[in-house]
Amino acid sequence: MAAISMFYGLIVYLYQFDNIRHHIPHIHVKYQGEWAVFSIIDGTIIEGELKSDKVKLVQAWILLRKEDLLANWDLAIAGQQVFKIDPLK
């Protein structure tokens, strides 16, 4: 598990070899004891729950950083080290 970005109290993670359960590119996001799994493709929540204002922040970030997220996803599922991605500002 690697934290790849942090913004507005949200922590975004990518897990290595994590393509078995959900079968699509995704990220894990934690915020004050809550968590959700988001599709990198379209920003939808696959599992879990976050407050709606935090969901909108994550979805905006995914839209802005999709190319970097997909590159990181390829690294993560291959078991390689991922890189940090700029936060939402």
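Numbers below:
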read-out	value
Every residue from the stretch 64-89 that is under 11 Å from the mean Cα position of the chain (by Cα) and among the hydrophobic types (A, V, I, L, M, F, W, C)	Leu69, Leu70, Trp73, Ile85
Pair list, Cβ under 7 Å, 6 or more apart: the stretch 46-68 residue at negative phi and of a type outside the set (Ser, Thr, Tyr), other residue assigned to a helix (DSSP H, G or I) and surrounded by 15 or more Cβ atoms within 10 Å (Cβ to Cβ)	Ile62/Leu69
Hits in the stretch 1-52 - residues which are modelled with pLDDT of 95 or more and of a type in the set (Phe, Trp, Tyr)	Phe7, Tyr8, Tyr13, Tyr31, Trp35, Phe38
1 or more residues surrounded by fewer than 16 Cβ atoms within 10 Å (Cβ to Cβ) and among the aliphatic types (A, V, I, L, M): qualifying strands (runs of 3 or more DSSP E) within the chain	2-7, 10-14, 45-49
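The values are calculated or read from the model by the stated rules, or taken from the named source; none is laboratory data. Just so we're clear, the structure is a prediction, and the values are computed from it rather than from any experiment. Methodologically, a virtual Cβ is constructed for each residue, glycine included, from the backbone with ideal geometry; neighbour enumeration extends over all protein chains shown.
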